[in-house]
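Structure record follows, encoded as structure tokens.
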Amino acid sequence: MNTAATDPDGSGFYEILLQGRLDARWAACFEGLTLTTGDGFTLLAGPVTDQAALHGLLHRLRDIGLPLVSVRQVGTDDEPRTPHHTDSTPGA
């Protein structure tokens, strides 16, 4: 995705999907983002101020050690935010 064409500084609403589960206690480390877990995955979603903040967030996630599955900008600060990831866990 070319975010430069839509928002030059990269700010907006992001979804970051990780393989594996982060305990709810990790939510404090990612202030401003919601942490949702499912069967074998963790989804972090929320606003990111700019590309530098996004890179810092990705560095923190790298240090935790869970495999990164995807990073998606799902909206800019001016667009409505609707989650794109759906939990396919049976019974969810």
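The values are calculated or read from the model by the stated rules, or taken from the named source; none is laboratory data. Just so we're clear, the structure is a prediction, and the values are computed from it rather than from any experiment. When we count neighbours, we look across all protein chains shown, and the Cβ atoms used for this are built from the backbone with ideal geometry, even at glycine. Only protein heavy atoms, including side chains, enter the accessible area calculation; ligands, DNA and RNA are left aside. Shrake-Rupley method; radii C 1.70, N 1.55, O 1.52, S 1.80 Å.
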By accessible area of protein heavy atoms, probe 1.4 Å, what ranking do 34, 76 get, highest first?
-> 34, 76
What relative contact order, as a whole-number percentage, does the range 10-74 give when Cα pairs under 8 Å and 6 or more residues apart are counted?
-> 49
Two pseudo-spin positions, 7 Å from Cα along C-beta at residue 60 and at residue 34, lie apart in nanometres by 1.8
With every protein chain kept in place and a 1.4 Å probe, the residues 64, 16 fall, from largest accessible area down, as 64, 16
A correct Kirkwood calculation over the Cα atoms of the range 10-74 returns a hydrodynamic radius in Å of 11.7
